[in-house]
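Read the structure below first, then the notes.
The values are calculated or read from the model by the stated rules, or taken from the named source; none is laboratory data. Quantities reported herein were computed from a predicted structural model and do not represent experimental measurements. Here the Cβ is made from the backbone with ideal geometry for all residues, glycine too, and neighbour counts use every protein chain on show.
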Amino acid sequence: MKNILLLARSATTGAALREMEGLRDQTVSLPGVARVLFAFAEEGTPSLRSAIDELMQVQEPVMILPILVPVEPSFITGVKRSLQRWQGADTRPWPEIRIAPGFSRQTMMRELLAATVDAAEREAVTIEKVTTPPALEGSVVPAQRRRVLVCQGGPCIRAGAEMIWGHLRNEQKRLSLRTTGEGTMSAKTSCLGPCSLAPVLQVWPEGTFYGGVDEAGVDRIVESHLLRGEVVDDLAYLPTGTKQRLRG
Ligand code: FES
């Protein structure tokens with residue numbers, strides 16, 4: 001009997017969450033499947049980390065099934081590295097965890113697409129032409145003073161930056177960081193420069209680089225830098241103009 005973890009990228013709305021619940025329910029009804037959980041690699045709960053914690057109670061082999069199309073190889077690498085990092089820092093015994101290739105590599109994809117096209121024919125909604133575009137609503141210019149840029153360049157993605165982004169966003173929501181302290185907003189960016197320090201994030205207005213950041217590092221940066229304005233020196237890298245390597 002299989003234990004399956006459906007891994008999506010992110011979900012921020014109830015509708016997306018319900019879609020994942022539906023996929024979970026359909027998967028668990030398949031023959032030979034004992035247990036199905038779902039998780040989000042980036043923003044949204046349950047996170048990959050919390051799903052793994054739940055599966056550890058069972059101590060049976062787990063297969064992670066990424067349900068993304070397409071799946072960048074760097075995404076799989078990032079997930080693997082994050083799992084290895086969490087496992088390395090965890091004294092509990094871990095079950096065997098495997099990760100499947102991309103969803104679209106499955107041989108049944110053609111049949112799945114055929115069924116989907118048939119259903120789509122019945123359910124698709126027509127986008128009607130409108131003569132007057134909807135009026136734009138006004139925008140509030142954010143008062144937040146702090147910005148966290150989370151690098152999503154190739155080397156950072158391979159080092160698990162998507163999981164770091166997801167953890168930061170989940171914490172930002174949980175702690176109401178937009179309105180707490182001086183107010184924080186966050187954004188994904190392309191390469192920030194110091195790729196050898198991946199995964200990298202940068203906190204403004206100071207422009208402080210943090211490299212080799214994991215979830216515990218994000219927690220410290222939130223607690224110290226974002227909420228109290230104090231740079232976390234042992235995680236920070238100053239732009240010295242000379243080559244710097246990851247500590248430890
Ligand atoms: S890819 Fe992240 S700093 Fe270059």
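If you go through segment 121-138 one residue at a time, do you hit one that is within 11 Å of the ligand (Cβ to nearest atom) and of a type outside the set (V, I, T)?
No: segment 121-138 contains no residue that is within 11 Å of the ligand (Cβ to nearest atom) and of a type outside the set (V, I, T).
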Next on the checklist: Show the residue pairs meeting these rules: Cβ distance below 8 Å; 6+ apart or different chains; first residue within segment 149-169 and among the aromatic types (F, W, Y); second residue assigned to a loop (DSSP other than H, G, I, E, B) and more than 10 Å from the ligand (Cβ to nearest atom).
Outcome noted: W165/E42; W165/E43
Checklist entry - Only one of (1) assigned to a helix (DSSP H, G or I); (2) under 27 Å from V213 (Cβ atoms) fails for A114. Which number is that? => result (2)
Next on the checklist: Would you confirm whether or not segment 161-179 contains a residue that is surrounded by 13 or more Cβ atoms within 10 Å (Cβ to Cβ), touching a strand residue (DSSP E or B) at 6+ places or on another chain (Cβ under 9 Å) and among the β-branched types (V, I, T)?
Outcome noted: yes
Checklist outcome for this item: Taking segment 29-48 and the residues there that are surrounded by fewer than 19 Cβ atoms within 10 Å (Cβ to Cβ) and touching a residue at least 12 places away in the same chain (Cβ under 8 Å), the one that is farthest from the chain's Cα centre (by Cα) would be G32
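Please return the ranges of strands (runs of 3 or more DSSP E) entirely within segment 172-248 where 1 or more residues are away from the ligand (no atom under 16 Å from the Cβ), within 23 Å of R49 (Cβ to Cβ) and in contact (Cβ under 8 Å) with a residue 12 or more places away in the chain.
Result: 184-189.
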Checklist entry - Hey, any hits in segment 125-145 for a residue that's among the charged types (D, E, K, R) and in contact (Cβ under 8 Å) with a residue 12 or more places away in the chain? => result yes
Checklist entry - How about segment 81-111: which of its residues are surrounded by 12 or more Cβ atoms within 10 Å (Cβ to Cβ) and not in a helix (DSSP H, G or I)? => result D90, W94, P95, I97, I99, A100, P101, G102, Q106
Next on the checklist: Restricting to segment 142-165, give me the number of residues that are within 14 Å of the ligand (Cβ to nearest atom) and assigned to a loop (DSSP other than H, G, I, E, B).
Outcome noted: 4
Checklist outcome for this item: Those residues of segment 125-134 which are at pLDDT 85 or above and either aliphatic (A, V, I, L, M) or assigned by TED's automatic domain parsing to the domain that holds G166 (or both) amount to V125, V130
Checklist entry - So which of V62, V36, V58 ends up being of a type outside the set (S, T, N, Q), assigned by TED's automatic domain parsing to the domain that holds I99 and more than 11 Å from L5 (Cβ to Cβ)? => result V58
